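Enquirer: The structure is given below, and queries will be raised subsequently.
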Amino acid sequence: MGSVSLKIGDGTARFKTPTICSSALNILMILSVITTNLFALYAFTSSPNLNQTEQQLHQPHKRFSLISEQVSLILREIDKSQKKLSQIEKQLLGYESFDLSKPNIATELKLFLTSHKLPLGRDSKTGLTEMVSSVGHSCQKASDLLSRYMNYNVFGNCQDDWSLAEKLIQKQCEPLPRRRCFAQSVSSKVKFLHPFPVSLWKPVSNKTVNWNGFNCKSFECLNGRKLNRDCVHCFDLVNGYENQRFVKSKSKNDFLVDDVLQLGNGGIRIGFDIGIGSGSFAAVMAERNVTVITSTLNVNGPFNEFIAARGLFPVYLSLDHRFPFYDNVFDLIRASTNIGDVGEKQDKFEFLMFDIDRILRAGGLFWVDNFYCGSEEKKVGLTRLIERFGYKKLKWVVGEKVESGEAHVFLSAVLQKPVRV
């Protein structure tokens, strides 16, 4: 069965967290139940015409007919109430945010977004009566871009429009709708892939990547640029610092992988890396028999293709998206300096922190790796937030790094999630 995904706050969720609207919906449902029961009580206890009722009581078939009519009336009222509540729910939760009557809406987008009645009627487990497409709630704000994205030939090749998809994701349009076309592929890619684990540190060939949409057309070009704080020459796996990261430190804020693993007492098996990098953290962990999933976008470079070419697992996901993992599944989560980009507003950063806490198991480690504080106020705010979560501070270092001739404050920490009962 299809699911309903809505863009709420910092992520995509099936239902809204408690708000005034959701509380109003609950109140309406309670009032509907109370009204229905009062009507039933009235129907069976009222006696508008005593003589007529006494006559009917002496006639069993008429008495049965009267009860059947009252029951049918109650069922009709219940059905009306359910339909009204369903309509209110759609309006509150935004199921029908898209105006499909607009002429600029692509035909495929209309088809994808059109709800479909369930063949057997209302589902007893979910309460749904129709299948609603899974698409980010904020996609409605970018309907023109979304229509361009959904304008293609069915069963043909998709347009080379990954950059358009990236723009939609950056506008919080996640998840994107599914499409009925074949994705672009690099025909010669397989010839240039190396076997695992040799692939972890072997240079990645330029021919494994679709360079359309990038200013640079080779990894040599990218290696000459600083793409972000977590990617300085990060595509150079041989001559740069990338093959020494996490095993050699350049400052007191740089923790070593082996030291962090010792803090886990042998219980670190699977991890999640949040940030924009080329997958070197996952590569170092793979050499220590720890599986790490890397979350990244293709901002200014083909990060996803590069990570996959190394034999590692990238997940194409922004920090605004709710992490697509079940609760309490990861032993280790590393968050690099780039998660600070989502933390300009305190409540938005709190949503991210709660999602990190959700997927990290009790006793698991949260590695804050060179988090850019920016200001004393931001450092104090982050410290207070972490303390509210009750994490145990296993390592905690605040230090300065010089970037472009200026000193900046960075925080690195290894925190252990508490057991909550």
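Enquirer: Hey, any idea what % of the stretch 322-421's accessible area is carbon plus sulfur with a 1.4 Å probe?
Expert: C and S atoms contribute 50 percent here.
Enquirer: From the mean inverse distance of alpha carbon pairs (Kirkwood) and the Cα radius of gyration, derive Rg over Rh for the stretch 214-287.
Expert: 1.01
Enquirer: In Å, what is the Rg of the alpha-carbon atoms in the stretch 103-156, and how long is Dmax?
Expert: Radius of gyration, then largest Cα-Cα span, for the stretch 103-156: 13.9, 39 Å.
Enquirer: So how far apart, in nm, are the two label points at ASN153 and LEU118 if each is 7 Å from Cα heading toward Cβ?
Expert: It is 3.9 nm.
Enquirer: For GLU220 and PHE196, FRET efficiency with R0 = 25 Å and r from the beta-carbon atoms, rounded to 0.05?
Expert: Result of the calculation: an efficiency of 0.55.
Enquirer: Right, another one. Could you point to the residue in GLY405, TYR391, CYS373 farthest towards the positive end of the stretch 371-416's charge dipole, with +1 and -1 charges on the Cβ of Lys/Arg and Asp/Glu respectively?
Expert: Of the options given, the answer is TYR391.
Enquirer: Could I ask something else about it? Below 8 Å, C-alpha to C-alpha, sequence gap of six or more: please give me the relative contact order for the stretch 267-421 in percent.
Expert: So the answer I get is 20 percent.
Enquirer: In addition: Grab the other residues whose beta carbon is less than 10 angstrom from that of ALA309, score K and R as +1, D and E as -1, and report the net.
Expert: Result for the neighbourhood of ALA309: +2.
Enquirer: In addition: Could you check what % of the DSSP bridge pairs in the stretch 317-419 are antiparallel, to the nearest 5?
Expert: Here the antiparallel bridges make up roughly 75 percent for the stretch 317-419.
Enquirer: Put +1 on the Cβ of every Lys and Arg and -1 on every Asp and Glu Cβ in the stretch 128-280; which of VAL209, VAL135, ILE268 then has its Cα farthest towards the positive end of the dipole?
Expert: Towards the positive end, the residue furthest out is VAL209.
Enquirer: Which three numbers, in whole Å and largest first, are the semi-axes of the equivalent ellipsoid of the stretch 93-252 derived from its Cα gyration tensor as √(5λ)?
Expert: Working from the Cα gyration tensor, I get semi-axes of 41, 20, 17 Å.
Enquirer: Same structure again: Taking the Cβ of VAL284 as the centre, find all other residues whose Cβ is under 13 Å away and add up their charges (Lys, Arg: +1; Asp, Glu: -1).
Expert: Residues close to VAL284 contribute a combined charge of -2.
Enquirer: Could you sort 385-395, 305-315, 118-128 so that the peptide with the highest average Cβ count within 10 Å comes first and the rest follow in order?
Expert: By packing density, highest mean first, the sequence is 305-315, 385-395, 118-128.
Enquirer: Here is a follow-up. Taking every Cα atom in the stretch 344-421, find the radius of gyration and the maximum pairwise distance Dmax, and write them in Å.
Expert: 13.3, 48
Enquirer: Measure off 7 Å from each Cα along the Cα-to-Cβ vector at LEU145 and LEU164, then give the distance between these two points in nanometres to one decimal.
Expert: Simple spin-label model gives 1.2 nm for this pair.
Enquirer: Label-point separation (nm) for THR383 and ARG358, each offset 7 Å from Cα along Cα-to-Cβ?
Expert: 3.0 nm
Enquirer: Something else: Equivalent-ellipsoid semi-axes (√(5λ), Cα gyration tensor) for the stretch 241-375, whole Å, largest first?
Expert: Its equivalent ellipsoid spans semi-axes of 20, 18, 17 Å.
Enquirer: Can I ask one more? All other residues with a Cβ under 9 Å from the Cβ of ALA362 taken together, and with Lys, Arg as +1 and Asp, Glu as -1, what is their net charge?
Expert: Net charge around ALA362: +3.
The values are calculated or read from the model by the stated rules, or taken from the named source; none is laboratory data. No experiment lies behind these values; they were computed from the predicted model shown. With ideal geometry, Cβ positions are generated from the backbone for all residues, glycine too; neighbour counts draw on all protein chains shown. We work out accessible area using only protein heavy atoms, side chains counted, and drop any ligands, DNA or RNA first. Shrake-Rupley method; radii C 1.70, N 1.55, O 1.52, S 1.80 Å.
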